[in-house]
Structure formats: structure tokens, C-alpha cells
Amino acid sequence: MDKSKHDTVVVLDFGAINSQAAAKRIRKLNIYCEVLPYTANEDRIMALNPKALVLQRGARCGEATLGREPAADLTKLGIPTIDMGTADYTDEALDDFLIRTCGVRQDWTIEAFINEAIDAIRAQVGDGRALLAMSGGVDSSVCAVLAHRALGDRLTCVFVDHGLMRKGEPEEVASVFQGKFGMALRSLDASDRFLGKLAGVTDPERKRKIIGEEFIRVFEEEAHAAGDPDYLIQGTIYPDIIESGWDGGKKVKAHHNVGGLPEKINFKGLVEPLKYLFKDEVRQVALALGIPTSIALRQPFPGPGLGVRCIGELTREKLDILREADAIFRAEIVSAGFGGKEASQYFAVLTANRSVGVANDARTYAYTVALRAVNTNDFMTAKFVKLPMDLLERVSIAITEKVPQVNRVVYDITSKPPATIEWE
Ligand code: XMP
């Protein structure tokens, strides 16, 4: 993306919980906007050549911040400033200030972003080659399509199927990116390898570690097989950058993608085409690029996949049971229109519990599946979704009918905190 082509507005974040919301609102006006911490010095602010400053005060995690003063003396910067914390403002007042008072140009559009992102990838990679770990999620998918447009055959995409994907996912990734987009996607069924390493392991953190390490190993081998490309393309998005800035460089979320940086591969550079986009914007870019809605609007899926949703030891049989139950639940949520706005994340968990049931006049002893649906903005806190009982009943009947290894279905009615979203 070429920032120099657009007028920029800077939101100075005084720890306000709504700073990202203000930035998103400004971007919806087709105005390019960045969030800087209130501690940003004059040079850092002026480097963006802002046409306006928006001071966003408030409370973050219960901490009062109204008394905080910025490091830079803002008045001497000579930039028109609106103080959202003290001014009697509304969203409309903010729009009016930016557009009419400051005359900020409204030229930052999804189409402009796409064209500039493609140019930027081309400029950075030059005549080199790049590698990308495709996870099937929206961020890596958008990166792949942009990089493919920029680099063509000089891009290698690797999709590692660790055997912990949801039902139909590996097939969909292949059909969309090889079929529709014509990419040379290297799709690998590495499930034997992962499940072999995971045999007998029950501790959730050990499972995560094994999956993460094995992923890097497979990815390194693939990088090597592809002739060790110079650049790694990664789907880092803007909240990751803002949050790490706020926490003194530490990641707010400790766990992230299994496809974390393979440290042993020496890349000449890292390409992060989405690092100034919010998730919603990534989804809009995805739709504009022709990525199907099933991927563009897909709920987040953890790197270790079903590995942290199948309690206890991971076996192919248990994972298959979970895949079926999960697919039934997800389909029902989507067809009832709960996916997205109402349920940010929804999935099935195969518990380690087995209990007595009855089928065809005979006793059964089978698994309990737990269903989970939560609503959240930031995934740091979440509320369980009050799904209609008739929907839950339909899902329960369908799962126990179609998945004979399950004879009991429960719904998780715990929010975060005290629970986490995932069970492991
Ligand atoms: P929790 O369970 O901590 O999850 O409430 C918060 C969000 O993070 C996702 N999650 C992960 N994502 N690797 C990931 O890439 C992981 O190990 C992992 N664990 C949890 C979870 O799905 C939710 O969106």
C-alpha cells in the first residue's frame, strides 16, 4: 500500500477501549487512518504527515486515563485536533470535522488498497521469489491472492494438512486456490506425521507445542523443496500491530498461529501486505478479490485446529467423530443466520467423557459432544450465545442420529472469563 498517495488521520490512543472503533469509523469514510499510542513522540506522529489528529481518551481495562498527557506537545505540531474525550462530540461531529473543517480527502478505498498492495509486493520482492503458508483462513487467503497477482509463478503457497482441519477444509482450499485462482498450491497431507508425533499425548500445551514445532519442520522442508525463496509472506493484521505497540512490544495474545515464523529459514525479508488492515477490511478485500464467502467470512480457527477441541489423546477415529459433529453444528448455525454477527466463533468439542445411553432398545456407551458458540469483539472476553432451544434440539438430534459414536450432546453456557473460548 502506498500511504503517500492518501491523506492520513492519526488517532492518538490514550488507552481508550474504543480507539480501534474510531479508526474503523474514519476508514469507513474512505479516509486512511492510523492509531498511535499517546506516548508517540513528535517525529513518529509527523512521519505520517497527518492532516488531522483525533485524541481518543477513555478507560482501558478499568484504568482511568483522562489525566494522561501526550509526550509530544500537540499544539506546537500545528495540526487540526479534535479531542474526543473532552469535546461534546458525536460520530457525526467527527465526520464533519475531518471532511469539512480539515478537508481530508476520501480516497482510501478497497480497490485502491488492492492495487497499491500488489504494487508494493512487486516492489519489495523485485525479481525474487516468495513463500506463503496457506492456512485456509481469510488472512492468508487474501495474502495469497494479492501475492499471486503480484508475483505469478514466483509465489509458492504451501498448505499443510496436519489432520486437524475441519470437515471439507483441505478440499475447499485446493478447489478455490488451485481451481479458481490457478495457483501452484503445494497441498500436503501430513496427517500421519502429526498424529504419529501426537500419539499418547494428552496435555493441551504439549499438544500445541508438538503441532507448532512439527508445522515449522514441515514448512521448512517445503521451503527447501521450493528452492528456498527469498521472502516470506505473512498475514499479520493491524490489531496485532496496535496491540503489540501498547504492550511494549509484547504480544497481548500469547498463542497465535501455528504458522508462526520458521526461525531457522533465513528469509531476506518479510512481506506483510495486511499489516494496516482491520479484520473487517481484510474480509472486504477478500470479497473484492473474488474469494468465496465461505472463506472471506470464515470464523477464526486456531492454528492447532481440532487438536485443542478433541480432549485427551488425538486419534484419527476421535477426530473423525468430532469433524462430523462439528460440521453438523456449523451448518445449522449458518443456515439459521447466526454465523458472524451473533456468533463470532462456534464449534463442537469432543469431550473425554463417555456415558450410558440407549439406542434400538440396547445400552450404548458413547461420547459426549459439547457445543460452544460465543460472541466477542476482541476474543479477550466473550459471552456465550443464547441459541434458540429448537436449534439446539435439531443439532442434538442430527448429531446423535448421524454420528453413532455420540449419544449425548451438551451446550456450553459459560462466558469468558471464567472459561476460555477453547476447551483446551
Ligand atoms: P481462548 O481459548 O484463549 O481463545 O479464549 C481466544 C482466541 O484464540 C484462539 N486460540 C488460538 N489460536 N493458536 C491460535 O492460532 C492457539 O493455540 C489458540 N488457542 C486459542 C481461539 O480460537 C479464540 O479465537
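Okay, here's what the table says:
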quantity: Neighbours by Cβ (under 7 Å, 6+ apart or cross-chain): first from segment 401-424, in a loop (DSSP other than H, G, I, E, B); second aliphatic (A, V, I, L, M) and more than 16 Å from the ligand (Cβ to nearest atom); calculated: V403/I321; V403/A325; Q405/I321; Q405/A366
quantity: Test: residue in segment 354-365 that is assigned to a strand (DSSP E or B), exposed (fewer than 12 other Cβ atoms within 10 Å of the Cβ), away from the ligand (no atom under 16 Å from the Cβ) and of a type in the set (V, I, T); calculated: yes
quantity: So A223, is it under 19 Å from R298 (Cα atoms) and in a helix (DSSP H, G or I); calculated: no
quantity: Scope segment 377-408; condition within 16 Å of the ligand (Cβ to nearest atom) and loosely packed, with under 12 Cβ neighbours inside 10 Å; matching residues; calculated: N377
quantity: Residue in segment 310-326 that is part of a strand (DSSP E or B) and under 21 Å from L387 (Cβ atoms) present; calculated: no
quantity: Test for F329: is it outside the structural domain of P170 (by TED's automatic domain parsing), within 17 Å of S344 (Cα to Cα) and in a loop (DSSP other than H, G, I, E, B); calculated: no
quantity: Selection from segment 93-120 of residues that are polar (S, T, N, Q) and closer than 27 Å to I233 by Cα; calculated: T109, N115
quantity: Residues being at pLDDT below 90 and in a loop (DSSP other than H, G, I, E, B) - total across segment 72-99; calculated: 9
quantity: L164 being part of a helix (DSSP H, G or I), aliphatic (A, V, I, L, M) and either more than 15 Å from F301 (Cα to Cα) or assigned by TED's automatic domain parsing to the domain that holds Q124 (or both); calculated: no
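Rundown of residues vs (1) part of a helix (DSSP H, G or I); (2) crowded, with 18+ Cβ neighbours inside 10 Å; (3) among the hydrophobic types (A, V, I, L, M, F, W, C), yes/no style:
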site: Q106; (1), (2), (3): no, no, no
site: I118; (1), (2), (3): yes, yes, yes
site: G128; (1), (2), (3): no, no, no
site: G136; (1), (2), (3): no, yes, no
site: A147; (1), (2), (3): yes, yes, yes
site: T156; (1), (2), (3): no, yes, no
site: F159; (1), (2), (3): no, yes, yes
site: M183; (1), (2), (3): no, yes, yes
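The values are calculated or read from the model by the stated rules, or taken from the named source; none is laboratory data. Bear in mind the structure is a predicted one, so any value in this text is a computation, not a measurement. Counting neighbours? That spans all protein chains shown, and the Cβs are built from the backbone with ideal geometry, glycine included.
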